[in-house]
Amino acid sequence: MSWRVVVVSKRAKLDLKMGYLVMRTDNETKRVNISEISVLIIENTAISITGCLLSELCEKKVKVIFCDGKRNPQSELVSYYGTHDSSEKIRNQIRWNEDIKGYVWTEIVAEKIRKQAQLLGEIGKDTEADMLNEYIKELEFYDASNREGHAAKVYFNALFGMEFTRSADCVTNHALNYGYSIFLSAFNRECVANGYLTQLGIFHNNMFNHFNLACDLMEPFRILVDRHVKDNNYTVFDKETKYRLVNILNDTVIINSNEHYVHNAIKIYCKSVFDAISDGDVSQIKFYSIKDK
């Protein structure tokens with residue numbers, strides 16, 4: 001089972017040798033077995049990578065994220081085919097029943113707000129947590145009244161202060177956006193690995209968004225990034241901050257009555273959502289929970 005999140009930040013050449021990713025720099029050579037890699041982040045634009053390595057990474061379903069000159073995620077490697085029956089999966093995805101999609105989305109939104117309320121309760125924001133719990137009770141099919149949006153405003157102001165907005169150019173937003181982008185890539189990996197198109201979402205349907213499906217699925221997991229950023233209260237957004245955000249994927253949560261790394265919980269959760277849609281049964285969705293401290 002893959003579990004490593006590998007970040008390459010120095011000028012280097014990456015190639016493939018006998019099932020290993022080989023990284024060569026001016027001073028050293030390192031090797032990592034590709035079967036152990038879950039996510040590979042190419043953080044430096046001065047890194048060169050061979051075609052045979054890229055092909056093997058796709059074959060082993062390793063999510064590869066490329067960063068820009070400022071070392072922020074810019075693009076990712078997405079395989080054409082994730083499973084042997086991907087054509088059938090895509091045909092089914094196009095025909096997904098609108099009612100079951102609506103029920104699934106409503107469950108996802110409810111779980112997202114529930115986890116937001118839980119986090120606010122943990123930091124002593126009981127009044128705001130109660131407001132979010134009331135929003136859950138007011139949820140309509142497909143969240144027609146946009147309880148998610150109302151909850152977000154209350155939630156972020158309670159979490160980071162009344163002056164905070166998600167559009168502000170600040171360290172907190174830089175950290176949130178970086179963490180979200182890492183999680184989005186992890187969800188894209190699972191969508192493709194299960195044979196589905198990332199462009200066709202459950203709720204999100206932006207014609208300019210290549211990752212509508214992953215945007216839908218990741219919503220309850222955003223709170224893991226929020227929790228980390230709140231706990232660490234970052235004052236600078238540097239390389240160390242980025243590494244710590246990437247490492248959230250190696251934290252552990254409870255899902256399906258067992259403790260799992262976050263990146264494995266994403267795998268279990270995504271599969272459960274796809275099964276729920278296919279079988280028309282939202283009770284099959286497996287959400288994670290945080291371990292008691």
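The values are calculated or read from the model by the stated rules, or taken from the named source; none is laboratory data. The structure presented is a predicted model; accordingly, all values stated were derived computationally and were not measured. Neighbour counts are summed over all protein chains in view; Cβ atoms, including those assigned to glycine, are modelled from backbone coordinates with ideal geometry. When the accessible area is computed, the model is the full protein with side chains, heavy atoms only, and any ligands, DNA or RNA have been set aside. Shrake-Rupley method; radii C 1.70, N 1.55, O 1.52, S 1.80 Å.
The table for this structure:
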quantity: Residue within region 54-71 that is touching a Phe, Trp or Tyr at 6+ places or on another chain (Cβ under 7 Å) and surrounded by 17 or more Cβ atoms within 10 Å (Cβ to Cβ) present; calculated: no
quantity: Residue tally, condition in contact with a Leu (Cβ under 7 Å, 6 or more places away or on another chain), polar (S, T, N, Q) and in contact (Cβ under 8 Å) with a residue 60 or more places away in the chain, over region 167-224; calculated: 1
quantity: Checking Ala110 against (1) assigned to a helix (DSSP H, G or I); (2) open to solvent by 30 Å² or more (accessible area, probe 1.4 Å); (3) small (Gly, Ala, Ser), the condition it does not meet; calculated: (2)
quantity: Selection count, region 251-277, where residues are out of contact with any Phe, Trp or Tyr (no Cβ under 7 Å at 6 or more places or on another chain), assigned to a helix (DSSP H, G or I) and closer than 12 Å to Ile290 by Cα; calculated: 1
quantity: Residue in region 240-250 that is in a loop (DSSP other than H, G, I, E, B), closer than 15 Å to Gly179 by Cα and at pLDDT 95 or above present; calculated: no
quantity: In region 71-104, the residues that are within 21 Å of the chain's Cα centre (by Cα), on the phi < 0 side of the Ramachandran plot and either in a strand (DSSP E or B) or at pLDDT below 95 (or both); calculated: Asn72, Pro73, Gln74, Ser75, Glu76, Leu77, Val78, Ser79, Tyr80, Tyr81, Gly82, Thr83
quantity: Matching entry among Leu213, Leu159, Leu200, Leu139 (being within 21 Å of the chain's Cα centre (by Cα), assigned to a loop (DSSP other than H, G, I, E, B) and not β-branched (Val, Ile, Thr)); calculated: Leu200
quantity: Qualifying residue in region 229-240 (condition: open to solvent by 30 Å² or more (accessible area, probe 1.4 Å) and within 23 Å of Val282 (Cα to Cα)); calculated: no
quantity: Failed item, numbered, when Asn206 is tested on (1) in a loop (DSSP other than H, G, I, E, B); (2) at pLDDT 95 or above; calculated: (2)
quantity: Residues being in a loop (DSSP other than H, G, I, E, B) and of a type in the set (Ser, Thr, Tyr) - total across region 180-197; calculated: 1
quantity: Residue list for region 1-49, filter: open to solvent by less than 30 Å² (accessible area, probe 1.4 Å), in a strand (DSSP E or B) and over 26 Å from Asp238 (Cβ atoms); calculated: Asp15, Val22
quantity: Residue, nearest to the chain's Cα centre (by Cα), within region 241-279, restricted to residues that are buried (at least 18 other Cβ atoms within 10 Å of the Cβ) and within 21 Å of Thr172 (Cα to Cα); calculated: Leu249
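Residue by residue, here is whether (1) out of contact with any helix residue (DSSP H, G or I) (no Cβ under 7 Å at 6 or more places or on another chain); (2) buried (at least 18 other Cβ atoms within 10 Å of the Cβ); (3) on the phi > 0 side of the Ramachandran plot holds:
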position	(1), (2), (3)
Val192	yes, yes, no
Gly195	no, yes, yes
Ile202	no, yes, no
Asp281	yes, no, no
